[in-house]
1. Please list the equivalent ellipsoid semi-axes of the range A:3-56, computed as the square roots of five times the alpha-carbon gyration tensor eigenvalues, in descending order and whole angstrom.
2. Calculate, for residue A:118 and residue B:165, the FRET efficiency according to 1/(1 + (r/R0)^6) with r their C-beta to C-beta distance and R0 45 Å; round to the nearest 0.05.
3. Take the range B:1-95, drop everything but the C-alpha atoms, weight them equally and run the Debye formula without solvent; then report log10 I(q)/I(0) at 0.16 Å⁻¹ to two decimals.
4. Run the simple label-point estimate for residue A:63 and residue A:10 please: 7 Å along Cα→C-beta, distance reported in nm.
5. Relative to 2.2 N^0.38 Å, what does the C-alpha radius of gyration of the range A:36-78 come to as a ratio? Two decimals please.
6. Under a 1.4 angstrom probe, counting protein chains only, how are B:22, B:139 ranked by accessible area, largest first?
7. Using a 7 Å offset from the Cα along the Cα-to-Cβ direction at both residue A:111 and residue B:87, what is the distance between the two label points in nm, to one decimal?
8. Solvent-accessible area of residue A:91, probe 1.4 Å, all protein chains present, reported in Å² to the nearest ten, please.
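The values are calculated or read from the model by the stated rules, or taken from the named source; none is laboratory data. Here the structure is a predicted model, which means the values were calculated and not measured. Heads up, the Cβs are rebuilt from the backbone with ideal geometry, glycines too, and the neighbour counts pull from every protein chain shown. Side chains are part of the model used for accessible areas, which takes the heavy atoms of the whole protein and leaves out ligands, DNA and RNA. Shrake-Rupley method; radii C 1.70, N 1.55, O 1.52, S 1.80 Å.
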Amino acid sequence: MLKSDRNECKSIQASLSAYIDKELAYWKKIRIQRHLKHCSGCKSQVKSIEHIDNTLRLIEPIKASENFINVVMSKTNTVNYHHKEKQVSKRIVRITSGIHNWVRSHLSVSNPVFMFSFIFGLFMMIGATLYSPQIEKLNLLSIFNVQSIENSQEKLISFEVITEKEPKRTLRTR
Amino acid sequence: MFVSDEDLMIECGKGDMSAFELLVRRYQDSIVSYIHITINDYHRAEDLAQETFLRVLKNAHRYKPTAAFKNWLYTIATNLSRNEIRNRVRRNTYFIEDMVKSEEDIYHSPIMTDVRNQPDLLLEKKEQQQIIKKALSQLPDNQRIALTLVTYQELSYDEVAEILECTVGAVKSLIHRARQNMKNQLIKVGIGGNVNVKI
Ligand SMILES: [Zn+2]
């Protein structure tokens with residue numbers, strides 16, 4: 001056998017499975033059919049693949065049991081609940097995306113009114129952040145910290161002192 | 001009037017349970033049979049087939065009619081089968097189908113009615129099926145799944161490629177290697193050359 005023939009057989013045999021499954025392009029199919037006419041080696045390969053397939057088909061397909069459908073349908077209740085839950089979350093997503101789309105279509109960067117209000121809002125937010133009382137001053141941890149309770153009482157006393165001074169000042173102005 | 005799987009699936013997504021029931025009836029046998037050959041355990045195959053359909057229902061609202069329903073269904077069944085095989089490997093119980101289970105299998109098969117009065121023939125056929133199943137179970141997972149989808153479910157290479165999320169070329173090579181391995185396995189168990197396929 002020539003080396004070119006052996007290479008030809010090798011490439012043909014790699015496609016024989018696809019040939020039997022009718023998965024080859026027309027021209028490839030014709031090429032294989034032509035080769036099989038004169039090559040007994042590849043022909044026996046085809047027989048061998050067909051034999052394997054016939055052997056595999058000896059395994060009979062199995063049917064689902066008679067109550068299969070009833071079991072599936074009885075289990076669907078749990079799935080339905082989940083489905084409704086998802087519908088609610090879907091609706092929320094739809095509403096937020098609606099708002100998002102409205103904002104995108106009605107407010108653009110080229111709109112001077114929008115730009116002015118946007119920059120104004122931005123400065124307001126920065127200002128509010130910089131001049132707002134700091135978190136530590138709020139004494140959020142006072143419940144767990146005795147010392148901080150004492151501190152807050154001190155501040156309360158000093159506040160009372162200020163309020164006592166207030167009427168004196170008003171008297172002086174009169 | 002015949003309603004396509006895809007149309008039924010859309011109705012199912014809207015909450016129509018009769019559409020879902022029709023889909024289950026259409027595919028219950030194919031899916032049980034497919035999972036059974038893939039994992040080689042009838043009872044687990046029924047459980048996993050039920051789980052497959054419940055997952056279909058669970059994700060019905062996400063289904064887009066651009067994808068063929070059948071491919072989507074087989075993808076779910078394939079993933080569940082793969083998980084089952086993986087868990088089994090972790091538990092070190094490889095494809096041990098005991099005789100009790102296989103005896104029950106045979107009663108679900110249509111041949112039972114054909115050869116009920118010929119016990120010898122039934123036993124011979126049953127033994128042969130067991131040998132073939134065992135040989136098939138020796139193939140690498142992807143090769144066995146691809147070969148099962150093509151041989152038993154009669155799907156095209158395109159469909160298998162979509163289910164296994166690979167190229168058609170990869171499916172072609174998987175099937176080619178699967179048949180070569182199957183040939184070697186059958187020779188090993190002694191039915192490589194002269195199995196009587198007419199039984
Ligand atoms: Zn040749």
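1. Working: eigenvalues 66, 38, 16 Å².
With the √(5λ) rule applied to the range A:3-56, the semi-axes are 18, 14, 9 Å.
2. Working: r = 46 Å, r/R0 = 1.02.
Once the sixth-power term is evaluated, E becomes 0.50.
3. Taking Cα atoms of the range B:1-95 as identical point scatterers yields -0.64.
4. 5.1
5. Details: Rg = 21.5 Å, N = 43, 2.2 N^0.38 = 9.2 Å.
That ratio works out to 2.34.
6. Details: B:22 75, B:139 10 Å².
Descending order: B:22, B:139.
7. So the two model labels end up 5.5 nm from each other.
8. Counting only protein heavy atoms, residue A:91 exposes about 140 Å² to solvent.
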